[in-house]
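Single-structure report; data block below.
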Amino acid sequence: MTGGSGFIGSVTTRLLADQGHRVRVLVRPQSRRDHIRNAVDAFVEGSTEDRESHQGLLEGADALIHNAVNWGLIHDGRIAAHLDTNLVASIELFNLAASANIPVVFVSSVAVHHTMLPAWNGLIDHAHPTRPGGLYGACKAALESHLWALAASHDLHFTVIRPAAVYGIDPNLPRSIGAPIIEQVRSGSPFTRPGGGKFVHVDDVAAAIAAPLQREVPSGGIYHLADCYARWSDWAAMVCEITGVRVDIDTSSPPQPMNTFETDALAEVLGVTLDRGHEGIRGHLEELASRLP
């Protein structure tokens, strides 16, 4: 697994270990690893862009889970470094896996979608073409395309997991979705953040990533993970109820999204049902508020 020490990766690593898998994780020398040490069979020091570490990661592996992404390069606008690290090096890793006949589970994102075509009537399924709106989504969409190419040229077996915004307790607590909202509400400041998004709990994402290693699934499967839609004002209202702090909240953003994602295949093929809804978000915020100083 790449990205095994991060938020999604650490939860997935622990789940895989609980299921009886031996997990080998690619980590940078400076990366934290104490939170997954008991779940990891072996650490390989390196990174996605460190091509010398690829072979050690894949040697003897039964599957590759590619979850790593260097967000900092995208955030800083370092385009050349981003393309080499997040795109080209990933393609080279996929090529090695294909040559060794190692199935791939790729953690993509619903960010491959931005412009939704009217013919889909607001229900976006795996057949909708990718129309990303930023560098991150464009990279994910490109990597999906290369997986299809390797399936054609090398008969690579692959699965694509496309989560929406993932919430849960991040090992780096302040990075958890909702932490800045809790901080703002506690300060008593009016909450005016517009918009919202589609959300999914990290445990459900981990279950979807692990599923292709547990059951027979068709190659080329694409699975959207979007449990519910919530406005940021909905998050703030929950925080007010949890903390007992009252602030003015701007609730003018539309309460429903223009588009939703089809998730039937997720339940039917991978056995993962998304049904936490807003109560899942509320439970997360209760735990997060209890942990934040």
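Looking only at the stretch 150-165, residues that are in a helix (DSSP H, G or I) and either in contact (Cβ under 8 Å) with a residue 40 or more places away in the chain or crowded, with 22+ Cβ neighbours inside 10 Å (or both) come to 4 in all. Across the stretch 122-150, the qualifying residues are those that are in contact with a strand residue (DSSP E or B) (Cβ under 6 Å, 6 or more places away or on another chain) and within 28 Å of Ile102 (Cα to Cα), and the one among them that is modelled with the lowest pLDDT is His126. If the condition is being surrounded by fewer than 18 Cβ atoms within 10 Å (Cβ to Cβ) and touching a residue at least 12 places away in the same chain (Cβ under 8 Å), then the stretch 19-32 contributes Gln19, Arg22, Arg28, Pro29, Ser31, Arg32.
Take the residues of the stretch 21-60 that are assigned to a loop (DSSP other than H, G, I, E, B) and among the hydroxyl-bearing types (Ser, Thr, Tyr): which is modelled with the lowest pLDDT? Only one residue fits best here, namely Ser31. Taking Ala42 as the residue in question, decide whether it is in contact (Cβ under 8 Å) with a residue 40 or more places away in the chain and in contact with a strand residue (DSSP E or B) (Cβ under 9 Å, 6 or more places away or on another chain). Spelling it out, it is not the case that Ala42 is in contact (Cβ under 8 Å) with a residue 40 or more places away in the chain and in contact with a strand residue (DSSP E or B) (Cβ under 9 Å, 6 or more places away or on another chain).
Tell me, which residue of the stretch 169-189 that is crowded, with 19+ Cβ neighbours inside 10 Å and either not small (Gly, Ala, Ser) or not assigned by TED's automatic domain parsing to the domain that holds Asp248 (or both) is farthest from Ala236 (Cα to Cα)? Applying the filter and picking the extreme gives Asp170. The residue that is surrounded by the most Cβ atoms within 10 Å (Cβ to Cβ), counting only those in the stretch 61-94 that are assigned to a helix (DSSP H, G or I) and of a type in the set (Gly, Ala, Ser), is Ser90. Assess whether Ala119 counts as being part of a helix (DSSP H, G or I) and modelled with pLDDT of 95 or more. When the stated conditions are applied, Ala119 passes them.
Pairs linking a residue in the stretch 78-98 that is assigned by TED's automatic domain parsing to the domain that holds Ser153 to a residue that is surrounded by fewer than 16 Cβ atoms within 10 Å (Cβ to Cβ) and of a type outside the set (Ser, Thr, Tyr), with Cβ atoms under 6 Å and 6 or more positions apart or on different chains, are Ala98/His154. Look at the stretch 122-136: where a residue is more than 12 Å from Val110 (Cα to Cα) and aliphatic (A, V, I, L, M) and a partner is modelled with pLDDT of 95 or more and surrounded by 14 or more Cβ atoms within 10 Å (Cβ to Cβ), sitting 6+ places away or on another chain with Cβ atoms under 7 Å, you get Leu123/Thr260; Leu123/Glu262; Leu135/Ile74; Leu135/His82. Of the candidates Val272, Val239, Val200, the single residue that is more than 30 Å from Ala151 (Cβ to Cβ), surrounded by 13 or more Cβ atoms within 10 Å (Cβ to Cβ) and among the hydrophobic types (A, V, I, L, M, F, W, C) is Val239.
The values are calculated or read from the model by the stated rules, or taken from the named source; none is laboratory data. Nothing here was measured: the structure is a model prediction, and the numbers come from that model. FYI the Cβ positions are ideal-geometry reconstructions off the backbone, even for glycines, and counts take in every protein chain you see.
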